[in-house]
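Everything on this sheet refers to the single structure shown next.
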Amino acid sequence: MLQDTYSRRFTYLRLSITESCNFRCDYCLPDGPDCLSRRGEITLPEIRRVVTAFAKLGTRKIRLTGGEPCLRKDLCEIIEVCKSIPGIEEVALTTNGYRLQRDLNDWVAAGLDAVNVSVDSLDPATFHLITGQNKLPEILEGIDMAAASPLKRVKVNTVLLQGHNGGELAQFLEYIRDRRVALRFIELMQTGDNEQYYQRHHISGQSIKDKLLDADWTLQQKSQTAGPAQEFSHPDYQGKLGLIMPYSKDFCADCNRLRVSSKGQLFMCLFTEHHNDIREFLQSDDVEPLMQHLQSVIKGKDATHFLHQQFTGSTKNLAMIGG
Ligand code: SAM
Ligand code: SF4
């Protein structure tokens, strides 16, 4: 088992398979990806080895992320390999939805279990302003296709952005009235590159929580293995609503996830100063040395991030490690 000194167990790996992206979300990659972002991406055999080592140490769920994971031409093979590793019960994908309509069936056939799609506005003009892409209708159709597919779960991620989608709560609620999707509002996090943007656009999730409670949404009890979202439900709505509030007290207390970047670096937290290069361990099929290394470095995981003190570590943007 991977367990840190605070008795937190790590059963969930977020694996970034590329830093590159075809969107230019203004809080993440406003100038697009670095031209070297695709150099030295983790290969399929390296992915098999890293996931094997994590699975032997108790990891049960893999989330493939990026950058934009669907830019990888071998995405189906990556899904297949992850799903085939003994111990891995669930393979999920976080995507901007660009290739959802075209590739969903192939991903499902490869073994994908769940998908999270990012949609920061339901207004096409605002969506274009935030992402630099005019693809909202296609992405929404892709989400409906996914909801009707054999996938176990479809979630929509929405970063709360003052001045962009801050006034769209009613539209988002309407969106989930008759749809079985889980919408997640995520508080904007400060990263190395977006300090001024953060000051202008951050909205506290607490203001949304107060509105939901006023409108008779009920906060659900969390299961022990649940992620960081506070989940709300309402009898008049088929969809669920979640709030991810990384600045709230105790957000890190039940952290169950570790991250590996597309360059083969282990990140103990999204906002860590130092990553741990594990690439050398990925060159051999013998995963024992990597397992020993992971068990040793996990003891150095901090109790919490230091975002409250505006300390964002070495994380310039979340495309580097997948959010
Ligand atoms: N490209 C894919 C996507 O957008 O879904 C996957 C990678 S993206 C980095 C993963 C998630 O992180 C997205 O939902 C995105 O909106 C979110 N994200 C990126 N930067 C963020 C920030 N500064 N604060 C909060 N969420 C952020
Ligand atoms: Fe790309 Fe996702 Fe970052 Fe948007 S949030 S720029 S889609 S990596």
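Summary of values
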read-out: Spatially proximal aspartates and glutamates relative to Lys152 (Cα-Cα < 16 Å; intrachain offsets below 8 disregarded); value: Glu89, Glu90, Asp106, Asp113, Asp144
read-out: Inter-label distance, nm, simple model (7 Å from Cα along the C-beta direction), Arg180/Glu273; value: 4.8 nm
read-out: Stretchable slack from Asp236 to Ser207, in nm (0.36 nm times residue separation minus alpha-carbon distance); value: 8.3 nm
read-out: Entries of Lys240/Lys316; Lys73/Lys263; Lys155/Lys299; Lys83/Lys135; Lys211/Lys249 with Cα pairs more than 23 Å apart; value: Lys240/Lys316; Lys155/Lys299; Lys83/Lys135
read-out: Computed accessible area, Arg48, all protein chains, 1.4 angstrom probe, square angstrom; value: 90 Å²
read-out: For Cys255, solvent-accessible area (1.4 Å; no DNA, RNA or ligand), Å²; value: 30 Å²
read-out: Gln283-Thr5 FRET efficiency (beta carbon distance; Förster radius 22 Å; 0.05 resolution); value: 0.15
read-out: Inter-part distance where the range 61-140 and the range 26-47 are each reduced to a Cα centre, Å; value: 16 Å
read-out: Built amide H within the under 5 Å cut-off of Val156, gap 5+; value: Val117, Ala182, Leu183, Arg184
read-out: Computed over the chain: relative contact order in percent, which uses C-alpha pairs under 8 Å that are six or more apart; value: 23 percent
read-out: Of all accessible heavy-atom area on the chain, the percent that carbon and sulfur account for (1.4 Å); value: 48 percent
read-out: Residues of the range 12-320: accessible area per residue with a 1.4 Å probe, Å²; value: 44 Å²
read-out: Whole-percent pair-distance distribution, where bins are 10 Å wide, for the alpha carbons of the range 12-320; value: 6, 27, 37, 25, 6, 0
read-out: Percent of beta bridges antiparallel (DSSP, the chain, rounded to nearest 5); value: 25 percent
read-out: Heavy-atom accessible area order for Glu19, Glu141, Glu46, largest first, 1.4 Å probe; value: Glu141, Glu19, Glu46
read-out: Longest to shortest principal axis, alpha-carbon extents of the range 109-258, angstrom; value: 41, 39, 35
read-out: GNM top mover of Pro150, Pro124, Pro235 - the chain, alpha-carbon springs below 10 Å; value: Pro235
read-out: Pairwise label distance in nanometres, Thr43 with Tyr198, each label 7 Å out on the Cα-Cβ vector; value: 3.7 nm
read-out: Structure-based [θ]222 nm, the chain - -39500 (n - 2.57) summed over DSSP H runs of at least 4, per residue, nearest 500; value: -8000 deg cm²/dmol
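The values are calculated or read from the model by the stated rules, or taken from the named source; none is laboratory data. Remember, predicted model here, so these are calculated numbers, not experimental data. Backbone-built Cβ (ideal geometry, glycine too); neighbour counts: all protein chains shown. Surface areas here come from the heavy atoms of the whole protein model, side chains and all, with no ligands, DNA or RNA. Shrake-Rupley method; radii C 1.70, N 1.55, O 1.52, S 1.80 Å.
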